[in-house]
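Asks: Sharing a structure here in structure tokens format.
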Amino acid sequence: MTVTFPTGFLWGAATAAYQVEGAAREDGRTPSIWDTFSRTPGRVLGGDTGDTATGHYHRREEDVRLMAELGLGAYRFSVSWPRVQPTGRGPASRGGLDFYRALVDDLLARGIQPMLTLYHWDLPQELEDAGGWPARETARRFADYALLVGEALGDRVGLWTTLNEPWCSAFLGYAAGVHAPGRTDDEAALRAAHHLNLAHGLGAQALRTVLPADARLSVALNPAAVRARTPAPGDLDAQRRVDALATRIFTEPMLRGAYPADLISDTEPITDWSFVRDGDTDIVKHPLDALGINYYAPTVVSAATDNRPDRSDGHGAGGRSPWPGAGRVAFHRPPGKRTAMDWAVDPTGLYDLLMRFTREAPGLPLIITENGAAYDDKPDADGAVHDPERIAYLHAHLDAVLRALGDGADVRGYFLWSLLDNFEWAYGYSKRFGAVYVDYATLARTPKSSARWYARVARTGRLTPS
Ligand code: GBH
């Protein structure tokens with residue numbers, strides 16, 4: 001059993017622009033779909049918005065100092081599209097790009113590798129008004145935006161990611177309606193998925209024209225570690241259908257240049273897929289240098305008599321399904337420990353995904369672009385924040401990574417979600433994923449005990465008991 005991570009393994013932490021930056025109205029930034037959504041009553045728990053978030057936009061230097069203290073070798077962040085290209089079209093906003101230039105320079109000065117994500121869900125509202133992701137034009141807009149950021153930062157950022165979790169953008173945003181823009185239209189969601197794939201391909205092409213040859217290009221997916229509750233044929237078929245909609249809808253065009261035949265037939269009552277034009281999937285299949293995997297919890301399914309997801313999908317009961325075309329599937333709460341999101345703690349799901357892509361995409365390096373857990377952290381009387389459950393979660397998942405490495409998976413790095421407690425989308429500030437505690441009254445940062453533990457792992461490359 002391997003106990004040490006390879007030398008050169010990237011130890012990082014991740015954030016996303018809307019979740020941490022705040023400064024929502026500064027330097028010419030216009031609203032994104034998340035500003036609109038969060039300012040609409042009833043959409044986000046507690047009426048929370050990202051207007052201030054963790055105040056990272058004005059605490060950049062302090063936050064980079066914190067990262068250095070934690071011994072991070074890499075930092076994954078996203079660029080806010082409406083901050084750098086306010087209308088989603090045309091020239092860049094100088095102020096917006098200056099922020100990211102300064103951030104990257106601060107990181108490089110401390111020996112921290114920047115990993116830049118172009119799109120972590122904050123579409124300029126103007127582009128949503130023009131049709132959003134269900135409109136093909138949005139993919140073209142994304143390619144222009146990618147070019148503009150690539151030109152501005154290509155000389156100093158070596159790791160690039162086009163999209164973060166396009167599944168969430170398409171299906172939580174346009175089918176279930178629990179994420180921005182909050183639409184509930186199954187056909188639109190499948191169109192959105194295709195146009196996100198196309199945006200990835202066009203964006204990757206655009207980046208290659210401006211990035212140096214050694215820049216590495218990736219996409220960050222949230223493939224489902226989906227299991228059938230029993231080996232009964234009906235349950236296995238439910239697993240296949242969810243796998244098609246969660247994972248293969250992105251990985252098959254990206255890695256093999258075609259949509260899965262079973263996905264097309266499962267979704268036939270909803271769409272004939274005529275929005276896929278000749279040549280599109282060749283564009284989507286742009287050679288990647290790494291595949292980013294975000295993993296939190298497994299999904300357990302069985303055949304069901306109706307297709308309403310139960311609470312185990314993390315989006316509440318009675319809502320609309322984010323699985324258009326999956327038919328009758330029941331989602332189950334696996335037994336065992338759970339996080340504050342009510343997600344199961346199950347590192348085997350991560351191991352299984354790493355081994356799956358080792359088999360299905362041989363030669364493609366893997367990066368865990370997100371993994372982590374929310375717990376109800378509270379400072380004690382001395383102001384210290386002890387989070388032994390998070391340490392146990394991280395330890396168990398890093399152990400699964402070691403196991404996969406030992407079994408031949410080419411895993412190049414691990415990014416903890418998240419550096420800071422932050423705006424947890426539809427849950428607002430009620431869920432804390434950070435290794436660093438944020439007091440939302442003062443915006444003061446306090447590293448939790450998990451941050452100290454992670455710093456030691458990053459420094460030594462070994463998993464030590466807490
Ligand atoms: C990530 O989303 C995001 O990238 C990040 O911004 C966010 O803060 C973080 O994780 C924590 O939530 O099969 O219907 O049960 C993860 C979103 C949550 C999407 C779990 C899939 C289960 C889908 N994922 N969810 S379901």
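The values are calculated or read from the model by the stated rules, or taken from the named source; none is laboratory data. For clarity, every value in this text was computed on a predicted model and none was experimentally measured. Cβ sites come from the backbone with ideal geometry, for glycine too, and all protein chains shown count toward neighbours. What goes into the accessible areas is simple: the full protein's heavy atoms, side chains included, and nothing from ligands, DNA or RNA. Shrake-Rupley method; radii C 1.70, N 1.55, O 1.52, S 1.80 Å.
Asks: Across segment 103-125, what is the total count of residues that are open to solvent by 30 Å² or more (accessible area, probe 1.4 Å) and closer than 21 Å to residue 23 by Cα? Walk me through how you get there before you give the answer.
Replies: Here is the first cut: in segment 103-125, the residues open to solvent by 30 Å² or more (accessible area, probe 1.4 Å) are 105-106, 108-111, 113, 125.
Subsequent filtering for residues that are closer than 21 Å to residue 23 by Cα retains 105-106, 125.
Matching residues across segment 103-125 total 3.
Asks: Output the residue which, of all residues in segment 65-91 that are among the β-branched types (Val, Ile, Thr) and in contact with a strand residue (DSSP E or B) (Cβ under 8 Å, 6 or more places away or on another chain), is nearest to residue 11 (Cα to Cα). Walk me through it before giving the result.
Replies: To start, the set of residues in segment 65-91 that are among the β-branched types (Val, Ile, Thr) comprises 79, 84, 87.
When the remaining residues are screened for being in contact with a strand residue (DSSP E or B) (Cβ under 8 Å, 6 or more places away or on another chain), the result is 79, 87.
On the way: 79: 21, 87: 35 Å.
My answer is 79.
Asks: If you don't mind, another one. Keeping to segment 217-237, report how many residues are of a type in the set (D, E, K, R) and within 10 Å of the ligand (Cβ to nearest atom).
Replies: Residues meeting the conditions: 0.
Asks: A follow-up question, please. Out of everything in segment 241-297 that is part of a loop (DSSP other than H, G, I, E, B) and hydroxyl-bearing (Ser, Thr, Tyr), what residue ends up being surrounded by the fewest Cβ atoms within 10 Å (Cβ to Cβ)?
Replies: Looking at the filtered set, the residue picked out is 274.
Asks: Restricting to segment 65-94, and then to whatever is of a type in the set (Val, Ile, Thr) and part of a loop (DSSP other than H, G, I, E, B), can you tell me which residue is most open to solvent (accessible area, probe 1.4 Å)?
Replies: 87
Asks: For segment 160-177, state whether one or more residues are of a type outside the set (Phe, Trp, Tyr), assigned to a helix (DSSP H, G or I) and more than 28 Å from residue 42 (Cβ to Cβ). Break it down stepwise before answering.
Replies: Keep residues of segment 160-177 that are of a type outside the set (Phe, Trp, Tyr), which gives 161-166, 168-170, 172-173, 175-177.
From the residues that got through so far, the ones that are assigned to a helix (DSSP H, G or I) too are 166, 168-170, 172-173.
From what is left, the residues that are more than 28 Å from residue 42 (Cβ to Cβ) are none.
Taking every residue of segment 160-177 in turn, none turns out to be of a type outside the set (Phe, Trp, Tyr), assigned to a helix (DSSP H, G or I) and more than 28 Å from residue 42 (Cβ to Cβ).
Asks: Is it the case, given these coordinates, that residue 62 is farther than 21 Å from residue 457 by Cα, among the acidic types (Asp, Glu) and open to solvent by 40 Å² or more (accessible area, probe 1.4 Å)? Give the steps one after another, and end with the answer.
Replies: Values: farther than 21 Å from residue 457 by Cα: yes; among the acidic types (Asp, Glu): yes; open to solvent by 40 Å² or more (accessible area, probe 1.4 Å): yes.
Here the answer is yes, as residue 62 does meet what is asked.
Asks: Could you please find all residues in segment 126-145 being without any contact (Cβ under 8 Å) to a residue 60 or more places away in the chain and buried (at least 16 other Cβ atoms within 10 Å of the Cβ)?
Replies: Once the filter is applied, which keeps residues that are without any contact (Cβ under 8 Å) to a residue 60 or more places away in the chain and buried (at least 16 other Cβ atoms within 10 Å of the Cβ), segment 126-145 yields 127, 141.
Asks: Looking at (1) over 13 Å from residue 5 (Cβ atoms); (2) out of contact with any strand residue (DSSP E or B) (no Cβ under 9 Å at 6 or more places or on another chain), can you tell me which one residue 447 breaks?
Replies: Against the list (1) over 13 Å from residue 5 (Cβ atoms); (2) out of contact with any strand residue (DSSP E or B) (no Cβ under 9 Å at 6 or more places or on another chain), residue 447 comes up short only on (2).
Asks: Going by the conditions given, is residue 464 away from the ligand (no atom under 16 Å from the Cβ), in a loop (DSSP other than H, G, I, E, B) and touching a helix residue (DSSP H, G or I) at 6+ places or on another chain (Cβ under 9 Å)?
Replies: Numbers: away from the ligand (no atom under 16 Å from the Cβ): yes; in a loop (DSSP other than H, G, I, E, B): yes; touching a helix residue (DSSP H, G or I) at 6+ places or on another chain (Cβ under 9 Å): yes.
Judged against the criteria, residue 464 is a match.
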